[in-house]
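S.K.: Have a look at the structure that comes next, please.
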């Protein structure tokens, strides 16, 4: 930790970066000294943009692809000559790259650091009559600080919670109990939920789309409550939020946020809908990370979605529909088979090469762990001639893809509400679950009884390939996770052995353990 914290928490320079689209379209600001920078609301806004900026780096494929590879829904994939680290994420191995999770760790702490810098300097700003703006910026920054903490905590278990920028005497801080971290997360999210206004930015053309809202904070409280209380078998969220409060928050999002389901599930995803795409700022998006293709091939900018190329078809475009990529995280056929007949989500979620009549030769394309299935969600698309749209717009297919990354959809809100209402209001839980299934089947004749088992399966189908599945498995228990993850088609190349001794956590970057001089140790099962 020593060098890492020194680099990101004690630097005298505040490095600000541009984020994307409308509110996030700001020129980069660099080399601004924190001691004398924060004077005006405009300065504070620049600091807030810097916190949001980390979301773009975080969404390049760290937590999302790693957790999906570790889940029962995907394998490692990529090419036969590619490094084997993706196979190790899939197979719960830790041999070739001892820093395989370094980006997850460093991006999380970069976001925490930038949030703390802003929060510590808000009182230096001359707000004048704009005191409400100060509260809004504090709420957004605290939400983001909670998000970055949660991203690290759900990957590594016990982490180092930071509610301030550290001093030289704190270079080698130890990890804290989960309760300490989640208490900080819960308090930050509660502040955001209780202090942000009722605005809903998920409307076409809204200049603030992508910013944190009250509704995102309330939904995120429910998400962290469910994960913490399930995994750690606790009755409340670190003594801060009890179940009744978490239920009230999520019911508020359902009833009062103005969010709703897009009528056709396929229209949420560009590669599944093309001309019928609902747009990224549609009513279902409670919170999403924004991207655009404005980088136009510059590796120095971080505007584009660098995740998408990872999961796109390997070795060239396919069917003059799906743009080329690297073939990562091939989809388990059991996920495709899990969808019932008539469920519109299957063909909107997964590219099925044979079923769609697509010409894909895995040997010629050197595809590793070919299953016949890959991601349709987030897959970049081509024009009619088979050229990637991002390239026709002057961009680089690796770094300039532009689709936003959905972190919280309204469908997820409904399923969390169904889960939280099971004991207190079964009729409401049933209604929330029904809405998701009715949309999926476009009728009301495929409903299932609202219970924990059915809701968890519905989460798998609705939120497939959105980075939720692995954490839904481990929050149930290690036996559930092991049974699901080890259920694979025949063939040694797909064999996976989940190791309960890891407690579901990923290995810490070895570089951080070395830098800590023994203050932090490796997670169980990974030595």
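The values are calculated or read from the model by the stated rules, or taken from the named source; none is laboratory data. Treat the numbers as computed from the prediction; the structure is a model and nothing was measured. Note that we place each Cβ from the backbone using ideal geometry, even for glycine, and neighbour counts take in every protein chain shown.
S.K.: Among residues belonging to the stretch 362-376 that are surrounded by fewer than 19 Cβ atoms within 10 Å (Cβ to Cβ) and touching a strand residue (DSSP E or B) at 6+ places or on another chain (Cβ under 9 Å), point out the one that is nearest to residue 270 (Cα to Cα).
M.R.: Here the answer is 372.
S.K.: Here's something else I'd like to know. Checking residue 160 against (1) closer than 27 Å to residue 421 by Cα; (2) more than 18 Å from the chain's Cα centre (by Cα); (3) part of a loop (DSSP other than H, G, I, E, B); (4) in contact (Cβ under 8 Å) with a residue 40 or more places away in the chain: exactly one of these is not met. Which one?
M.R.: Residue 160 satisfies every listed condition except (1).
S.K.: Check residue 231 against each of (1) within 20 Å of the chain's Cα centre (by Cα); (2) closer than 27 Å to residue 52 by Cβ and name the one condition it does not meet.
M.R.: (2)
S.K.: Do we have residue 19 as surrounded by 23 or more Cβ atoms within 10 Å (Cβ to Cβ), in contact with a helix residue (DSSP H, G or I) (Cβ under 7 Å, 6 or more places away or on another chain) and either at positive phi or modelled with pLDDT under 50 (or both) here?
M.R.: Yes, satisfied.
S.K.: Criterion first (assigned to a loop (DSSP other than H, G, I, E, B) and over 22 Å from the mean Cα position of the chain (by Cα)) does residue 279 satisfy it?
M.R.: Considered against the rule, which asks whether it is assigned to a loop (DSSP other than H, G, I, E, B) and over 22 Å from the mean Cα position of the chain (by Cα), residue 279 comes out as no.
S.K.: Still on this model: Being part of a loop (DSSP other than H, G, I, E, B) and either closer than 18 Å to residue 119 by Cβ or without any contact (Cβ under 8 Å) to a residue 40 or more places away in the chain (or both) is the filter here; which residues of the stretch 174-196 pass it?
M.R.: Passing the criteria: 176, 177, 196.
S.K.: Select from the stretch 177-199 the residues that are under 18 Å from residue 250 (Cα atoms), surrounded by 19 or more Cβ atoms within 10 Å (Cβ to Cβ) and either out of contact with any strand residue (DSSP E or B) (no Cβ under 7 Å at 6 or more places or on another chain) or modelled with pLDDT under 95 (or both) and list them in ascending order.
M.R.: Matches in the stretch 177-199: 185, 188, 189, 192, 193, 196.
S.K.: Given the conditions (1) outside any helix (DSSP H, G or I); (2) in contact (Cβ under 8 Å) with a residue 40 or more places away in the chain; (3) over 30 Å from residue 517 (Cα atoms), which single one is not true for residue 199?
M.R.: (2)
S.K.: Another question about this same structure. For the stretch 282-306, what are the residues that are under 15 Å from residue 401 (Cα atoms), part of a loop (DSSP other than H, G, I, E, B) and in contact with a helix residue (DSSP H, G or I) (Cβ under 6 Å, 6 or more places away or on another chain)?
M.R.: 290, 293, 302 - these are the residues of the stretch 282-306 that are under 15 Å from residue 401 (Cα atoms), part of a loop (DSSP other than H, G, I, E, B) and in contact with a helix residue (DSSP H, G or I) (Cβ under 6 Å, 6 or more places away or on another chain).
One line per residue, one yes/no per condition, for (1) touching a helix residue (DSSP H, G or I) at 6+ places or on another chain (Cβ under 7 Å); (2) in contact (Cβ under 8 Å) with a residue 40 or more places away in the chain; (3) buried (at least 21 other Cβ atoms within 10 Å of the Cβ):
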site	(1), (2), (3)
79	no, yes, no
84	no, no, no
118	yes, yes, yes
155	yes, yes, yes
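S.K.: Moving to a separate point now. From 215, 299, 287, 269, grab the single residue that is within 18 Å of the chain's Cα centre (by Cα) and more than 22 Å from residue 144 (Cβ to Cβ).
M.R.: Exactly one of 215, 299, 287, 269 is within 18 Å of the chain's Cα centre (by Cα) and more than 22 Å from residue 144 (Cβ to Cβ), namely 269.
S.K.: Scanning for something touching a strand residue (DSSP E or B) at 6+ places or on another chain (Cβ under 6 Å) and crowded, with 16+ Cβ neighbours inside 10 Å, does the stretch 437-454 turn up at least one residue?
M.R.: No - not one qualifying residue is present in the stretch 437-454.
S.K.: Now, a different point. Provide a single number: the residues in the stretch 261-276 that are touching a residue at least 60 places away in the same chain (Cβ under 8 Å) and either at positive phi or part of a helix (DSSP H, G or I) (or both).
M.R.: Counting residues in the stretch 261-276 that are touching a residue at least 60 places away in the same chain (Cβ under 8 Å) and either at positive phi or part of a helix (DSSP H, G or I) (or both) gives 8.
S.K.: Hey, residue 299 hits all of (1) within 17 Å of residue 398 (Cα to Cα); (2) surrounded by 22 or more Cβ atoms within 10 Å (Cβ to Cβ) but one; which does it fall short on?
M.R.: (2)
S.K.: Looking at the stretch 363-461, what helices (runs of 4 or more DSSP H) fall wholly within it and have at least 3 residues that are closer than 22 Å to residue 289 by Cα and touching a helix residue (DSSP H, G or I) at 6+ places or on another chain (Cβ under 8 Å)? Spell out how you get there, then give the answer.
M.R.: Numbers: elements: 389-392, 410-420, 426-441.
In the stretch 363-461, the matching helices (runs of 4 or more DSSP H) lie at 410-420.
S.K.: Here is a further query. Would you point out which residue out of 56, 69 is closer than 30 Å to residue 470 by Cβ, modelled with pLDDT under 95, in contact with a helix residue (DSSP H, G or I) (Cβ under 9 Å, 6 or more places away or on another chain) and crowded, with 22+ Cβ neighbours inside 10 Å?
M.R.: Result: 56 is the single residue among 56, 69 that is closer than 30 Å to residue 470 by Cβ, modelled with pLDDT under 95, in contact with a helix residue (DSSP H, G or I) (Cβ under 9 Å, 6 or more places away or on another chain) and crowded, with 22+ Cβ neighbours inside 10 Å.
S.K.: What are the residue pairs meeting all of these: first residue in the stretch 232-246, first residue under 20 Å from residue 473 (Cα atoms), second residue assigned to a strand (DSSP E or B) and modelled with pLDDT of 95 or more, Cβ atoms under 8 Å, and 6 or more apart or on different chains?
M.R.: Qualifying pairs under 8 Å: 235/242; 236/242.
S.K.: Still on this model: Restricting the search to the stretch 325-361, which residues are part of a loop (DSSP other than H, G, I, E, B), touching a strand residue (DSSP E or B) at 6+ places or on another chain (Cβ under 8 Å) and buried (at least 17 other Cβ atoms within 10 Å of the Cβ)?
M.R.: Listed by number, the residues that qualify are 326, 327, 329, 330, 332, 353, 360.
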